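Working notes for the structure below.
The values are calculated or read from the model by the stated rules, or taken from the named source; none is laboratory data. As the structure is a computational prediction, the values presented were derived from the model and not from experiment. Quick reminder, even Gly has a Cβ in these numbers, built from the backbone with ideal geometry, and neighbours come from all protein chains shown.
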Ligand SMILES: Nc1nc2c(ncn2[C@@H]2O[C@H](COP(=O)(O)OP(=O)(O)OP(=O)(O)O)[C@@H](O)[C@H]2O)c(=O)[nH]1
Ligand SMILES: [Mg+2]
């Protein structure tokens, strides 16, 4: 009977992870899930879209939305990224606002706090990368954040080294409403295989390439052949760059650069799929795609 006091509530809801670029949002998502669904690199503006990660338990389900870093920018691609991030706030039950304790960007932080004041949702503030600082230095930071916004909780963590993550989960579960199960229990993300593959290839480019090249790169998986009988996955993908000179950089001397990208991506994909992976990478120029609304749309990066 519904009035049974021992019946445990099923709690569920949507939780957006937001913050300035590079603060560790995607690292936190992966750590919360115990699985890598979002790519992580030392460069800002790594995440380009909303990525859903789903954590299911016996009596709860949390749907996390990882988002691009919120920052002030005039460039079309970056404006699009910020739109993806801010739109995530509309339909969520709870917000995790991530701050990087080693590098606080006051202007970005103030902009995000303004946004939070407008959306009026419960917010947990997560102070990340505490492995990099002395404990004493946290107190004044916690105090200043307390003054800046009425957070439900302020939790110091190290997403990378799995410190404080349990407390974040406890607080989320405390604040989430009663609700339905949105996804099957064994689903960890709503990303399709093609999206995950293109993200992993892009991650390797972000890790290996320098300066503006990663930001001029987009990856599209053209085809994936899962041979149900065989133990090989064949993947055909295209790396788009904005200019012919960048094509030369991505290919590299004697094809060395693209070979390295392919090797790193293949090794990880083989672990993900538990099968041998054949990876065929092509490089094409899509002139100034990051500044062109039509190209962004074609690459799935435009909003709407
Ligand atoms: N030392 C330390 N580094 C961390 C921690 N969490 C994340 N990082 C590093 O910070 C960098 C950025 O991490 P991401 O998870 O990609 O950050 P993000 O906020 O998703 O970045 P964007 O998607 O670009 O906005 C990576 O080099 C991570 O390894 C942490 O707790 N400690
Ligand atoms: Mg990210």
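Reported count of residues in segment 138-151, each being assigned to a loop (DSSP other than H, G, I, E, B) and either surrounded by fewer than 12 Cβ atoms within 10 Å (Cβ to Cβ) or within 23 Å of the chain's Cα centre (by Cα) (or both), is 2.
Just one residue in the set 36, 49 is more than 9 Å from the chain's Cα centre (by Cα) and within 12 Å of ligand 1 (Cβ to nearest atom); that residue is 36. Taking segment 116-137 as the range and being part of a helix (DSSP H, G or I) and either within 21 Å of the chain's Cα centre (by Cα) or within 26 Å of residue 62 (Cβ to Cβ) (or both) as the test, the residues that pass are 116, 117, 118, 119, 130, 131. Exactly one residue out of 235, 250 is in contact with a strand residue (DSSP E or B) (Cβ under 7 Å, 6 or more places away or on another chain) and either under 10 Å from residue 282 (Cα atoms) or assigned to a helix (DSSP H, G or I) (or both): that is 250.
For segment 200-209, state whether one or more residues are surrounded by fewer than 20 Cβ atoms within 10 Å (Cβ to Cβ) and either without any contact (Cβ under 8 Å) to a residue 12 or more places away in the chain or not assigned by TED's automatic domain parsing to the domain that holds residue 257 (or both). There is no residue in segment 200-209 that is surrounded by fewer than 20 Cβ atoms within 10 Å (Cβ to Cβ) and either without any contact (Cβ under 8 Å) to a residue 12 or more places away in the chain or not assigned by TED's automatic domain parsing to the domain that holds residue 257 (or both). With the structure loaded, tell me whether residue 178 is free of Cβ contacts under 8 Å to residues at least 24 places away in the same chain, more than 30 Å from residue 279 (Cβ to Cβ) and surrounded by fewer than 18 Cβ atoms within 10 Å (Cβ to Cβ) or whether it fails that test. For residue 178, the condition - free of Cβ contacts under 8 Å to residues at least 24 places away in the same chain, more than 30 Å from residue 279 (Cβ to Cβ) and surrounded by fewer than 18 Cβ atoms within 10 Å (Cβ to Cβ) - is not met.
So that you can scan it fast, the table gives a plain yes or no per residue for (1) surrounded by fewer than 21 Cβ atoms within 10 Å (Cβ to Cβ); (2) touching a strand residue (DSSP E or B) at 6+ places or on another chain (Cβ under 8 Å); (3) at pLDDT 95 or above:
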{"residue": "16", "(1), (2), (3)": "no, yes, yes"}
{"residue": "28", "(1), (2), (3)": "no, yes, yes"}
{"residue": "43", "(1), (2), (3)": "yes, no, yes"}
{"residue": "46", "(1), (2), (3)": "no, no, yes"}
{"residue": "65", "(1), (2), (3)": "no, yes, yes"}
{"residue": "74", "(1), (2), (3)": "yes, no, no"}
{"residue": "78", "(1), (2), (3)": "yes, no, no"}
{"residue": "97", "(1), (2), (3)": "no, yes, yes"}
{"residue": "118", "(1), (2), (3)": "yes, no, no"}
